[in-house]
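Chemist: Encoded as structure tokens, here's the structure I'll be asking about.
Here, each number is a calculation from the coordinates, and none is a lab measurement. Note that the coordinates shown come from a computational prediction; the quantities given were computed from them, not determined experimentally. Every residue, glycine among them, receives a Cβ derived from its backbone with ideal geometry; neighbour counts consider all protein chains shown.
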Amino acid sequence: MKFDRVDMNALERELVSLRRDIHRYPEAGWTEFRTSALIIDELQKTGLHVRFGESIHVKDEMYGMPCSAALYECEKRAKSESSRADLIKAMHGGITGCIAAIEGGRPGPTVGIRVDIDCNEVEESKGQSHRPFREGFRSEHDNLMHACGHDAHAAIGIGAAKLIHAYKDKLKGKVIIAFQPAEEGVRGAASLTKAGHFSGCDYFFGVHIGLNMTESGSVAASSTGFLASTKMDVIFKGKSSHAGLRPEAGRNALAAAATAALNLLAIPRHSEGASRINVGTLNAGTGRNVIPEKAVMAIETRGSTDEINSYMETSAKRICRSAADMYGCEFEHRFMGKSGTTVCDAPLVEKTMEILRDVEGIKRVVRETDFGCGDDVTTIMKDVRKHGGMATEIVLGTPLSAPHHNGCFDFDEAVIGIGARVLASLAMGVSN
């Protein structure tokens, strides 16, 4: 589709500027206060109807929420860095993200689009070869960085919304664009899905940049190889005591956690597909001569099918429970996030390929690419399919300076303009 009503060169410059702004002020899951306010402000100035705050979430489904003290500090920081404290106030308590709706001039289907907006807990490079540092938009926040391209996704979503809005008289039906918080840790999609935002979608598109698509101008019409994943915090509760005077009176929670950690990594792998487990953090103890009373581990399991992930999750719980018993400790686990596997719908994939071949900037279209990791877009895709719609996850190709989730990660910003045209073309194409 040609977007002759829009000065594309000016729009692309604007979107790159927005990406760099979002990149400079990264915010992790459920703390995307400034990011959400920037997106809402930009969409409202375009004339779009935007929903945000408590009306878009189901609180009981907001997994992995930071503690109240962390939320307070992040909200305070965001207000100091934003001109829209009024919008941030409506997100108090971590109710971040937003949903834009564009109503067409004629009856037709409902198209859903989802882009994620949160960052990673990664320290960004200060090397001269790293463009964000060299050109002055490196992260201002310690140990926070957009190292997975979600800053690009946010800018692409804004651009798509602007393009679709410019042609809403030609649009049949309705387009909703969800700017989802807390994808990292697969925490944010469940809340939006349970709120029913996607249940009426006839067609749904998720989008990601990079991954295994590293050629500029290339695009995959679908994704395979999603890994199901479960994120858990495991808490071991023991009893403190003097380590020299009365060691027998204590119950060593750190010893229980350490035993669990080593044995978690020894879970036999599954013969029917890929299986993964990782112990990401282990925090315990208060002093050298005190039996540790409490230990907390952050762990995750993954599997190439929901069943394999369930096998890993069940095995992990059994090992943690047994390790706690060995040292006379109590054990509990807290569910922090979850995503499943899914497939893209073949009829929509075919239609997507047909539309993509006519998008300006696209040089090569492939049917599918191996996603190779987890993403809670699968939660939305399953919900769309459950209610009779079709869904796919496209991947936009771009050269990468380093792997995803690495402090040197960056990409070719040309993918932002291409991505905006791709999403707008798909929304208009399947509607008409």
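Chemist: Given R₀ = 25 Å, what would the calculated FRET efficiency be for VAL290 paired with GLU330, taking r from the Cβ atoms and rounding to 0.05?
Modeler: 0.85
Chemist: When only alpha-carbon atoms are used, what values of Rg and Dmax, in angstrom, describe the range 1-93?
Modeler: Gyration radius and largest Cα-Cα distance of the range 1-93: 15.4, 49 Å.
Chemist: A further question on this structure: For n ≥ 4 DSSP H runs only, could you compute -39500 (n - 2.57) per run for the chain, divide by its residues and tell me the 222 nm figure to the nearest 500?
Modeler: Roughly -11000 deg cm²/dmol at 222 nm, from the helical runs in the chain.
Chemist: So how do 31-40, 416-425, 131-140 stack up, highest first, on mean other-Cβ count within 10 Å?
Modeler: 31-40, 416-425, 131-140
Chemist: With N set to the residue count of the chain, report its C-alpha Rg divided by 2.2 N^0.38 Å to two decimal places.
Modeler: 1.03
Chemist: Once label points are set 7 Å from the Cα along Cα→Cβ at both SER17 and LYS89, what is their separation, rounded to one decimal in nm?
Modeler: 2.8 nm
Chemist: Students often check this: by mean Cβ neighbours within 10 Å, which of 271-278, 105-112, 171-178 ranks highest, and how do the rest follow?
Modeler: Top of the packing list down: 171-178, 105-112, 271-278.
Chemist: For the range 279-348, max minus min Cα coordinate along each principal axis, in Å, sorted largest first?
Modeler: So the extents along the principal axes, rounded to whole Å, are 65, 20, 14.
Chemist: May I have the extent of the alpha carbons of the range 228-339 along their three principal axes, as whole Å values ordered from largest to smallest?
Modeler: Principal-axis extents of the range 228-339 (Cα, largest first): 52, 22, 18 Å.
Chemist: Within 10 Å of each residue's Cβ, count the other Cβ atoms and sort LYS382, LYS76, LYS162 from fewest upward.
Modeler: Ascending number of Cβ neighbours within 10 Å: LYS76, LYS382, LYS162.
Chemist: If you don't mind, there's one more thing I want to ask. How big is the range 89-165 by Rg and Dmax over its Cα atoms, in Å?
Modeler: In order Rg, Dmax, the Cα atoms of the range 89-165 give 16.8, 53 Å.
Chemist: Here is a further query. In the structure displayed, which of LYS79/LYS172; LYS45/LYS194; LYS76/LYS126; LYS89/LYS386; LYS79/LYS194; LYS89/LYS317 lie more than 32 Å apart, Cα to Cα?
Modeler: The answer is LYS79/LYS172; LYS89/LYS386; LYS89/LYS317.
Chemist: Right, another one. Between THR224 and SER310, what FRET efficiency follows from the Cβ-Cβ distance if R0 is 25 Å, with the result rounded to 0.05?
Modeler: Working from the Cβ atoms, E equals 0.80.
Chemist: What aspartates and glutamates sit close enough to LYS237 to cross-link, taking a C-alpha to C-alpha distance under 14 Å and skipping anything fewer than 8 places away on the same chain?
Modeler: In chain and number order, the partners are GLU293, ASP325, GLU330, GLU332.
Chemist: Taking N as the number of residues in the range 76-214, what is its alpha-carbon radius of gyration divided by 2.2 N^0.38 Å?
Modeler: Dividing the Cα radius of gyration by 2.2 N^0.38 Å gives 1.20.
Chemist: How much length would be gained if the chain were fully extended between LYS2 and GLU413, taking 0.36 nm per residue of separation minus their Cα-Cα distance, in nm to one decimal?
Modeler: 145.9 nm
Chemist: Would you kindly state how much longer the chain becomes between LYS76 and GLU350 on full extension, computed as 0.36 nm times their sequence separation minus their alpha carbon distance, in nm to one decimal?
Modeler: Fully extending the segment from LYS76 to GLU350 adds 93.9 nm.
Chemist: Same structure again: Between ASN432 and LYS45, what FRET efficiency follows from the Cβ-Cβ distance if R0 is 30 Å, with the result rounded to 0.05?
Modeler: Here the calculated transfer efficiency is 0.65.
Chemist: Per q in 0.09, 0.18, 0.21 1/Å, what log10 I(q)/I(0) does a Debye calculation on the alpha-carbon atoms of the range 267-417 return?
Modeler: -0.48, -1.22, -1.37
Chemist: Gap in Å between the Cα centre of the range 249-280 and the Cα centre of the range 287-309?
Modeler: Cα centroid of the range 287-309 versus Cα centroid of the range 249-280: 7 Å apart.
Chemist: Separate question: Pairs of Cα atoms under 8 Å, at least six residues apart: use those to get the relative contact order of the chain, whole percent.
Modeler: Worked out over the chain, it gives 23 percent.
Chemist: Another question, then. Pop a pseudo-label 7 angstrom from the Cα along the beta-carbon direction at both ALA10 and ARG134 and give the gap in nm to one decimal.
Modeler: Between ALA10 and ARG134, the label points sit 3.1 nm apart.
Chemist: Quick one: grab the alpha carbon gyration tensor of the range 146-186, order the square roots of its eigenvalues as a ≥ b ≥ c, and give me rounded if a/c is under 1.5, else prolate or oblate depending on whether a/b is larger than b/c.
Modeler: Oblate is the answer for the range 146-186, as a/c is 1.5 or above yet b/c matches or exceeds a/b.
Chemist: Starting from the 7 Å offset along Cα-to-Cβ, what nm value, one decimal, do you get for the label separation of GLU103 and ALA243?
Modeler: Placing both labels 7 Å beyond Cα along the Cβ direction yields 6.7 nm.
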